[in-house]
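See below for the structure under consideration.
The values are calculated or read from the model by the stated rules, or taken from the named source; none is laboratory data. Being a predicted model, the structure only gives us computed values, none of them experimental. Ideal geometry is used to build each Cβ from the backbone, glycine not excepted, and the neighbour counts take in all protein chains shown. These area figures cover heavy atoms from the full protein model, side chains too; ligands, DNA and RNA do not enter into them. Shrake-Rupley method; radii C 1.70, N 1.55, O 1.52, S 1.80 Å.
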Amino acid sequence: MGEISYAPLIEDMVWSYSRIKAFDDCPYRWYLKYIRRLHGKDMFFSDYGSFVHKLIELYFLGEKTRDELCDIYLREFKSRVKGHAPNPKVFGNYFKSGLNYIRNIAPFPYNMVAVEKRVDFEVDGIPFVGYIDFLGEKDGELYVVDNKSRTLKPRSARAKPTKTDEELDAYLRQLYIYSAAVEQEYGKTPKALCFNCFRAPVFIVEPFQEQAYAESKKWLEESVARITAEADFKPDVEYFKCTHLCEMNGHCEFYKLSQKKR
Ligand code: SF4
């Protein structure tokens, strides 16, 4: 793979947060997905996230009542969440926590401006596409809300950032990038960036910080440059990630080899 340059192909790409994240997870996964353009298989965690996202969208659009959403959840869970969970306990936890959220779903503390808003924009000349789960308004200020199946921890009050603070910062990058789209369309950045971690459930509100905004844009620029310059696209084999998170594992000879050795 090393002698071929994919840069001309990569330079024509429109970027998204998941496209960059896929490379960070495993360069070979990125190669299979975005260079070879192979079709990935259904995976439990991503199917689950998409299904609950859709139900939340229907609620905020006013298209379904809470009771109707519960019916859809129970009726369609099996057909919409096709991938295999790591074990029955994980399946049970996800099923129950999702149902519990849908049963008690309530409006966010903001007026709705948009739901699942597609944003096509540029960040320092890099074409980018994203979907803002919920854009809200309160007292003339804008709020970006992201629905997450992953349960994040609110920021600690510690002087030295904890591991969970660092994780929160990593997830916030996506919302800071989307803030550039908000700024371009509405002439101002959001007042706060929020995570609706619906399985907990916990609602995290992070005040918008100019420094983190600048760092996120820099991170995007550096990530795109790094991927464009990549030649090897080496696999990063790790059991849980390859088995339960990577939709390309059916195409991956490195994963298959590692399975034989187990
Ligand atoms: S199965 Fe693992 S090594 Fe293979 S592409 Fe996916 S993440 Fe990478």
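Listing for the model above:
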read-out	value
Gyration tensor verdict on the range 6-128 (Cα atoms; rounded if a/c is under 1.5, prolate if a/b is larger than b/c, oblate otherwise)	oblate
The range 103-209: relative contact order in percent, alpha carbon pairs under 8 Å with at least 6 residues between	24
Convex hull volume per residue for the chain, taking Cα atoms only, in Å³	153
Accessible carbon and sulfur surface of the chain relative to its total accessible area, %, 1.4 Å	50
Whole-Å distance, taken between Cα centres, linking the range 112-153 and the range 1-53	21
Cα-based Kirkwood hydrodynamic radius, the range 212-262, one decimal, Å	13.2
Label-point gap, in nm, between residue 218 and residue 120 - each point 7 angstrom along Cα→Cβ	3.1
Base-10 log of normalised Debye intensity for the range 111-224 (one unit scatterer per alpha-carbon) at q = 0.09, 0.16, 0.19, 0.21 Å⁻¹	-0.23, -0.74, -1.04, -1.25
Which of 60, 203 is most accessible, then next, and so on - probe 1.4 Å	203, 60
Dipole moment magnitude, nearest 20 debye, the chain about Cα centre, only Lys, Arg, Asp, Glu C-beta charged	1460
The chain, relative contact order [Cα under 8 Å, separation at least 6], %	25
Part-to-part distance (alpha-carbon centres) for the range 212-256 and the range 171-192, which is given in Å	24
Antiparallel content of DSSP bridges confined to the chain, in %, to 5	75
Helix-only CD estimate at 222 nm, as mean residue ellipticity for the chain, using -39500 (n - 2.57) per DSSP H run (n ≥ 4)	-14500 deg cm²/dmol
Per residue solvent-accessible surface (Å²) - the range 111-224, probe of 1.4 Å	49
